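Contents: one structure, followed by commentary.
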Amino acid sequence: MAPTIVQCSLACAIAWILAKEVVGHPRPFFAPIAVLICIGVASGRRLRRLVELVVGVSLGVGVGDLLILRIGSGAWQIALVVALAMAAAVLLDSGTVITLQAASSAVLVATLLPPTGVGGLDRMVDTLVGGLLGIAAVALLPPDLRSIARREAAEIFDALERTMLETAAAIDGRDASHMVGVLEAARGGQSAAGRFPGTLTTAREIAAISPIRWRSRRTLRRYEAASTPLEHALGNARVLARRTYAGLYAGEPFPPCLPDGLRRLARAVRLLQAELEEAREPGEARRAAVAAAETASAVPSDGTGFSAHVVAAQLRSIAVDVLIATGLDDTDAIAALPPVTHDRG
């Protein structure tokens with residue numbers, strides 16, 4: 001929080017000085033306000049949305065100033081100003097962000113801050129100055145992008161590991177009720193996986209305009225490459241957990257190789273997390289994923305229920321997802337797995 005406070009305070013002061021001393025506006029109220037708006041919404045937003053926000057606010061302020069200065073303030077004036085500001089925004093861009101920001105800024109000018117002089121476009125210029133400075137502040141004083149990626153990814157890795165380990169424990173203990181909590185954890189991880197690509201896109205865009213975060217780009221690319229297979233892995237883990245619950249509830253037998261394979265797969269997940277965080281080559285994670293698939297590949301054909309074979313197949317699918325997350329393509333990941341054998345018990 002401290003870096004954000006410093007970022008906001010310095011950028012606001014600089015925006016005021018630029019608008020007042022360089023542009024020559026005596027009370028550039030909108031310049032520091034625009035800075036705060038930009039920095040406040042920068043976290044978790046696309047760079048395009050940030051630019052749209054600046055354009056929308058500036059347009060609304062400009063239209064409001066020009067019209068209210070000449071026609072005064074009142075109910076019909078507000079209706080007219082909002083309509084014209086939104087129409088101008090639609091002509092510039094069909095996005096809802098520009099349109100809504102233009103409308104809300106026009107209302108602000110028409111009601112709380114009506115123009116008192118003959119400046120006309122002065123406050124629009126102030127808003128542009130503040131907005132551009134806000135974007136510059138995001139670029140020059142950005143958050144630690146690698147830490148953001150690691151924190152978001154940790155939720156996914158935690159959910160995957162917990163699903164594997166808790167499922168293995170449920171099979172060992174023949175406890176179907178234990179799987180209820182496992183399914184809840186897997187669903188929570190799926191939500192985190194759904195948010196992850198958007199977070200990475202925002203981080204990548206900030207890294208592209210921020211010189212001090214250029215070194216983060218390689219790490220972010222690796223996380224981006226891993227995000228989709230990790231989401232698939234969580235989806236497969238949920239299927240695995242549901243089938244385990246059904247099999248345990250029905251009293252079906254599960255061979256010991258399955259909980260062993262699940263624990264090995266949990267280790268592969270943690271190795272992948274460490275290798276992504278440390279930007280290391282993912283050799284250990286690959287070997288652990290292949291070992292997990294190999295352990296679960298020899299499910300006996302006799303004396304084993306249907307659910308055990310489904311769980312084994314899902315375990316292999318998750319191993320493939322982990323291998324793809326390490327950088328292998330689909331074909332190489334599938335080829336890396338050992339063939340399925342059906343030993344007779």
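Some notes on this structure:
- With the convex hull drawn over the C-alpha atoms of region 215-286, the volume per residue is 78 Å³.
- Length-normalised contact order for the chain - Cα pairs under 8 Å, 6+ apart - percent: 15
- Portion, in percent, of the accessible area of the chain that falls on carbon or sulfur, probe 1.4 Å: 61
- Ranking 199, 337, 325 by Cα position along the charge dipole of the chain, where only Lys, Arg, Asp and Glu carry charges on their C-beta atoms, puts 199 farthest toward the positive end.
- Within region 167-257, trypsin sites (Lys or Arg not before Pro) in DSSP loop having at most 14 other beta-carbon neighbours inside 10 Å: 174
- Cα gyration tensor category, rounded, prolate or oblate, for the chain with a/c compared to 1.5: prolate
- Overall, the chain carries a charge dipole of about 600 debye about its Cα centre when +1 sits on the Cβ of Lys and Arg and -1 on the Cβ of Asp and Glu, all other atoms neutral.
- Residues 124, 164, ordered by accessible area of protein heavy atoms at a 1.4 angstrom probe radius and largest first, appear as 124, 164.
- Across region 208-219, rounded Karplus estimates of 3J(HN,Hα) from the backbone phi angles (6.51 cos²θ - 1.76 cosθ + 1.60, θ = phi - 60°) give 5, 9, 10, x, 6, 10, 4, 5, 7, 5, 5, 5 Hz, Gly and Pro being marked x.
- Probe 1.4 Å, accessible area per residue of the chain, Å²: 47
- Heavy-atom accessible area ranking, 1.4 Å probe, most first, across 105, 73, 301: 73, 301, 105
- Probe 1.4 Å, all protein chains present, accessible-area order of 245, 223, largest first: 245, 223
The values are calculated or read from the model by the stated rules, or taken from the named source; none is laboratory data. Computed from a prediction, not measured in an experiment: that's the story for all the values here. Counting neighbours? That spans all protein chains shown, and the Cβs are built from the backbone with ideal geometry, glycine included. Keep in mind that these areas ignore ligands, DNA and RNA; they rest on the heavy atoms of the full protein, side chains included. Shrake-Rupley method; radii C 1.70, N 1.55, O 1.52, S 1.80 Å.
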